[in-house]
Amino acid sequence: MIELPITGGKGSYQLNPSKIIALGKNYLDHIKEHGKLDVSNFNDDVPKEPVLFAITPNALVGHGDAIVIPSFLKRYGFENPRVDYEAELAFVISRRCRNVPEKDALDFIEGFTCFNDVSQRNIQKSDISGWFRAKSLDTFAPVGPCLVPPGMIGDPQNLDITCRLNGKVVQNSNTRHMIFNIRQMLSFISMNFTLEAGDLISTGTPSGVGALRHGDIVEVEIQNIGILRNNVVEEDMPDAG
């Protein structure tokens, strides 16, 4: 469970989602950088409908918590091990819903927040089952620093989104560049799965994704929300004795 202060002095929100659903390939410029990602099932085809994948709730951490690169990854001996940041806008579902019409979609949103869809690229490429494990490792889903109610966010389809790595801007875009907008994605997701209050939806990342390393500080900043900041540490190998 992650406690998110509610913008506007209205207390805090206890984020405890039954599921986290994220979108892949939702910014055209990110699709165009597929060559440098070397990820299974990621090419330059523009999707005809939202590309969905699941992240398990154990991956959630809050603002100021560490992103921990797990020690077991060393056992694989990856030639070029890579864990990436991905800055994203996310929103929380306000109440149980299914088959939501696009025109009503915003009525089912509790609020908006920043999200970092941390991804282990080697596993994302090699796992037969797809992206699931690479996206769901412990601490790989930082969220925060607050929850902004819909009435205070402004236009959610016109928010600047930036990622900084050790103070350097590495992603810089705007939510207007999404291929599928928030209304479309919520309606599509609710057609496939019943959504529960507290479920978390992350909306995809723009171009500029890159590797995280021990000692890094990564910041996701979204206009009218704030800055989600996390440090990166490599987990020590367990004692074999």
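Bear in mind these aren't lab numbers, they're just calculated from the coordinates by the rules spelled out. As the structure is a prediction and not an experimental result, all values here were calculated from the model. With ideal geometry, Cβ positions are generated from the backbone for all residues, glycine too; neighbour counts draw on all protein chains shown.
Okay, which of the range 152-196 sit inside 13 Å, backbone N to the point 7 Å along the Cα-Cβ direction of Arg98?
190-196
As a footprinting exposure proxy, order Tyr76, Tyr13, Tyr27 by other Cβ within 10 Å, with the fewest listed first.
Fewest to most other Cβ atoms nearby, the residues stand as Tyr76, Tyr13, Tyr27.
Just to confirm a number: summing +1 for Lys and Arg and -1 for Asp and Glu over residues other than Tyr76 whose beta-carbon lies under 13 angstrom from that of Tyr76, what do you get?
Around Tyr76, the charge tally is +4.
Which of these, Glu219, Glu86, Glu102, has the largest mean-square fluctuation under a Gaussian network model of the chain (Cα springs below 10 Å)?
Glu102
By how many nm would the segment from Asp29 to Asp155 lengthen if fully extended, with 0.36 nm per residue of separation less the alpha-carbon distance?
Computed gain between Asp29 and Asp155 is 43.2 nm.
All other residues with a Cβ under 15 Å from the Cβ of Gly64 taken together, and with Lys, Arg as +1 and Asp, Glu as -1, what is their net charge? Please report the intermediate quantities before stating the final value.
Working: positive: Arg229; negative: Glu3, Asp65, Asp216, Glu219, Glu221.
My count for the surroundings of Gly64 gives -4.
Calculate the spin-label point distance for His177 paired with Gln223, positioning each point 7 Å from the Cα along the beta-carbon direction, and give it in nanometres.
Using points 7 Å along Cα→Cβ, the separation is 1.3 nm.
Could you name the lysines whose alpha carbon sits less than 18 Å from that of Lys25, not counting residues in the same chain fewer than 8 places away?
Once the sequence-local lysines are set aside, what remains near Lys25 is Lys36, Lys48, Lys125, Lys135.
For a test of the definition: using alpha carbon positions, the gyration tensor, and the 1.5 limit on a/c, classify the range 123-211 as rounded, prolate or oblate. Intermediate results must be reported in sequence, preceding the final value.
Details: a/c = 1.61, a/b = 1.05, b/c = 1.52.
Cα axes put the range 123-211 in the oblate bin.
What is the order of Leu28, Leu73, fewest Cβ neighbours within 10 Å to most?
Ascending number of Cβ neighbours within 10 Å: Leu28, Leu73.
Taking the Cα centre of the chain as the origin, how large is its charge dipole in debye, to the nearest 20, when only Lys and Arg (+1) and Asp and Glu (-1) carry charge on their Cβ atoms?
Computed charge dipole of the chain: roughly 300 debye.
Could you compute the FRET efficiency for Ala211 and Ile6, with r as their C-beta to C-beta distance and R0 at 35 Å, rounded to 0.05? Could the numbers behind the result be given before it?
On the way: r = 34 Å, r/R0 = 0.96.
Efficiency, from the Cβ-Cβ distance: 0.55.
Suppose every Lys and Arg Cβ carries +1 and every Asp and Glu Cβ carries -1, with no other charges. What dipole size does the range 1-134 come out with about its Cα centre, to the nearest 20 debye?
Value, rounded to 20: 380 debye.
Gap in Å between the Cα centre of the range 173-241 and the Cα centre of the range 71-103?
Result: 6 Å between the Cα centres.
Subtracting the Cα-Cα distance from 0.36 nm times the residue separation, let me have the gained length for Ser126 to Val46 in nm, one decimal.
26.6 nm
Taking the Cβ of Asp127 as the centre, find all other residues whose Cβ is under 12 Å away and add up their charges (Lys, Arg: +1; Asp, Glu: -1).
+4
Counting other C-beta atoms within 10 Å, which of Met152, Met185, Met1, Met178 has the fewest, and how do the rest follow? Write down the numbers at each step before the final one.
Values: Met152 15, Met185 25, Met1 10, Met178 21.
Fewest-to-most Cβ neighbours within 10 Å comes out as Met1, Met152, Met178, Met185.
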